[in-house]
C-alpha cells in the first residue's frame, strides 16, 4: 500500500478489447482498490499530511465562537455556545421552561426557570456560593452561612474535649452590635468548683435588651441533681395573680398573701 495518496495509481483502467463480463470485473476491482486506498488515507490522516500554511488556515477557521442548536418539531430547543470567554449550555421547552449552565473564568452559574417567572439560581466563584430563589438569597463562604430563615429539625452546635477551653454560640445582633446570645462553653470555673460549674449553657441579653422567658401555659425551672440560684444586681421579685407560695421538701407551704404570711394556711405574720 502506498504511504502517500499521490503515489497511488488511481487512473481509470483500460477496458478496450475486453468482454462485458471482463469490463465489469475490472471496474469492480478498481472500485475495491479505491476503497482500500481511501480507508488507508483516513486511518493515517494526521498533522504530517498537511503543510504549515494549510494548518494555519484550518486553525483560523476555529478562532471564532461555536454554537450548536438542536430543535424538534414541537419547538423544544437545546443549545451549546462556546467562545474564549464562556461556555453556555441551555435547554428550553416550547412552554418557556428552561435551565442553563454558564461557565466563565470568574465563576459558574446555573439557572432554572418556568413560564410563571419563578426561578432558582446558584452562582459559584472564589468567594463561595450564592443561592438565589423566590424567597431570597443565601450566601455560603468558608464556614459562614448568611440567609433569611434557616429551617430544620436540628440546629447543632458541637464541641469536643480535644479543643480545650472553647465555646459555641448563637448570636443576636441589632445595628451590627451583639445584643444577646445562646452560648455553650467549657471555662465557667477552671477547676469546676464553687457555685458555678465549668461546663455551662446559658442565655444572655446585653446592653438595653432584657431577657424574658414567656409561656402561655405553665413555666417551670428545674434542676434534677443540683440547686437553683436566683441573683440580681438590684432586687428579685416573684409575683402572680394568686398568692406567692414557697414549698419545703415535705410540701409544707409558705404563702405571701395581701394580709400577711401564712404557714400551712395559718397566719404567722400580719401586715
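Using C-alpha pairs below 8 Å separated by at least 6 residues, the relative contact order for the chain is 5 percent. Extents of the range 156-236, largest first, come to 39, 36, 28 Å (Cα atoms, principal axes, whole angstrom). If you wrap the tightest convex hull around every Cα atom of the range 60-171 and split its volume per residue, you get 174 Å³.
In units of the rule-of-thumb radius 2.2 N^0.38 Å, the chain shows an alpha carbon radius of gyration of 2.29. Normalised by the number of residues in the range 154-240, the average gap of Cα pairs under 8 Å and 6 or more apart makes the relative contact order 17 percent. How big is Rg to Rh over the range 211-271, alpha-carbon atoms, Rh as the Kirkwood inverse-mean-distance radius? In the range 211-271, Rg relative to Rh is 1.00.
Every number in this text was worked out from the coordinates using simple rules, so none of it is lab data. Everything quoted here is computed from the prediction, not taken from an experiment.
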